[in-house]
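To start, the structure under review is shown below, and the notes come after it.
Values in this text are rule-based calculations from the coordinates and carry no lab data. All of these numbers come straight from a predicted model, not from anything done at the bench. FYI the Cβ positions are ideal-geometry reconstructions off the backbone, even for glycines, and counts take in every protein chain you see.
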Amino acid sequence: MISRVEYIIDTILPSDKANGVHVARMCSALAGKIKNLELIIPDVPANKNSDQIRSYYKIQNSFQLKKLKPIFPFAKRTFFALKAARRALNRKDIVVTRTLEVAFFCHAFRVPFLFEMHSPYLDQPFYKHSMLNILFSSEALLKVIVISDCLKKIISSHYQVAQEKITVLHDCADIIEEPLDALVKGNTFKLGYAGSLFNGRGIDVIIELARKYPALEFHVAGGSPEQLGKWKAHTQSNIVWHGFLTPFLVPGFLSSMNILLAPYQRSVEVSGGGDTVSWMSPLKVFEYMATGVPMIVSDLPVLREVLVDRENCLLINPESLSDWGNAIEEIIRNPELGKSLAKSARVEIVTKYNWNKRAEKFSDIISEYLHEKHTA
């Protein structure tokens, strides 16, 4: 009998990256559905112990943490994946992973696995494309989990994969049960942004809006010291740069605002390089939705999978500064519109886009596999 589920990923925890939040929240939610869940990460100095990780992310449901030491000082990801997959084989566990090499060794050892993809790997070396085509036909593969319908279409058009093997599960957020203490005080009308400060996130749009509306306060959370230095050189007094906030503080920051802004451009850069605008499912958009604060978001095809203009947000042409200004002015003039948008967005989080709902889908896939296995 398969007794455990292992979430295996080659990453650093805690970190200032969105994927760290995703891993921590998914493991916490899965631990509420699966009796024996282990998170497996490399045993490297940057990775902290379980208490430190739980404290940093304020994890609710406990799970076991196992750190695996590297076999050799070179090709560390490959050998971590090899060691982790062999361990799962010996323990007869099911694996959930976002790491391609882990998924590949699970296939090689016939360890049942779910593979979550947040990109199509199109900019990766050709051998990784070959690995994916092998994985997609693997008898050990239970499901490929992707974060958007757009990503599913891209993967389907570039790889040989059966459509029934792919399940779309968008990113999501925690449900905010009680009003939060405002992280940012004061009575001035406040507009907020939280996220990275890479190119394509619309920070230049926020700076231009601040110049256009000097009586309003614009608050920006996120970014490295180097990124902050770059943007501050072009800013003015009604923009407050908060820098990086730990995940625990972000909801209080967002809830302090009167309007939240997500001015993604038509090309969105990420920390590892590349452009994700065609398939992304930004965590921050869902965190915005959970707050009960109205939001204005760039009108991009992938975001329309979740967002509906004038129903749960205002969707705006990314390049039109005048359209952004008009949207801000409309919500200021019509606070009832803002309340309606915010309420509808929060309902979406409560009913569809929360970590518990997402974890249920994983649990259902695993339960179905176990049922079929035991009745075969």
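Of note:
- Among S344, S28, a tally of other beta-carbon atoms within 10 Å of each Cβ gives an order, fewest to most, of S344, S28.
- As a proxy for reagent exposure, M295, M280 were ordered by neighbouring Cβ count within 10 angstrom, fewest first; the result is M280, M295.
- Cα-only Debye scattering, the range 190-351: base-10 log of I(q)/I(0) at q = 0.10, 0.12, 0.15, 0.18 Å⁻¹: -0.32, -0.47, -0.76, -1.15
- Nearest-ten-degree value, helix 100-109 long axis tilted from longest Cα axis of the chain: 20 degrees
- Residue-wise HN-Hα coupling along the range 269-279, computed from phi with Karplus coefficients 6.51, -1.76, 1.60 (Hz; x: Gly, Pro): 7, 10, 4, x, x, x, 10, 9, 5, 7, 9
- Sites K165 and R266 - FRET efficiency at Förster radius 35 Å, r taken between beta-carbons, to 0.05: 0.70
- Footprinting exposure proxy for V270, V102, V306, V5 (fewest neighbouring C-beta atoms within 10 Å first): V270, V306, V5, V102
- Between I332 and F198, the simple label model (points 7 Å from Cα in the Cβ direction) yields a spacing of 3.3 nm.
- Residue among N312, N354, N133 with the largest mean-square fluctuation in a Gaussian network model of the chain, springs linking Cα atoms under 10 Å: N133
- In this simple spin-label model, placing a label point 7 Å from the Cα along the Cα-to-Cβ direction at both D181 and R211 gives a separation of 3.8 nm.
- The HN-Hα couplings worked out from phi for the range 135-140 by the Karplus form 6.51 cos²θ - 1.76 cosθ + 1.60 (θ = phi - 60°) are 4, 5, 9, 6, 5, 7 Hz, whole numbers, x standing for Gly and Pro.
- Translational diffusion of the range 1-129, µm² s⁻¹ [Kirkwood Rh, Cα pairs; Stokes-Einstein; 4 °C; 1.567 mPa s]: 86 µm²/s
- Angle in degrees between helix 335-351 and the longest Cα principal axis of the chain, rounded to the nearest 10: 10 degrees
- Largest GNM mean-square fluctuation among A162, A345, A221, using the chain with Cα springs under 10 Å: A162.
- Computed FRET value (nearest 0.05) for K339 with R304, which takes r as the C-beta separation and R₀ as 25 Å: 0.65
- The length gained on full extension between T246 and D323, counted as 0.36 nm times the residue separation minus their Cα-Cα distance, comes to 24.5 nm.
- Between Q64 and H234, the contour length at 0.36 nm per residue exceeds the Cα-Cα span by 56.6 nm.
- Loop-located trypsin sites (Lys or Arg not before Pro) in the range 1-96, at most 15 other Cβ atoms within 10 Å (DSSP): K35, K58, K92
- Proximity of backbone amide H atoms, modeled 1.01 Å from N, is registered between L65 and L39 at under 5 Å, excluding neighbours fewer than 5 places apart on the same chain.
- Placing pseudo-labels 7 Å out from each Cα toward the beta carbon at V350 and N90 gives an inter-label distance of 4.9 nm.
- GNM remark for the chain: springs join alpha carbons under 10 Å apart, and the peak mean-square fluctuation among G186, G200, G32 falls on G186.
- Looking at the range 131-221, the GluC sites (Glu not before Pro) that sit in a DSSP loop and have at most 14 other Cβ atoms within 10 Å of their own Cβ are E139, E177.
- Contour minus Cα-Cα distance for Y369 and H158 (0.36 nm per residue): 73.3 nm
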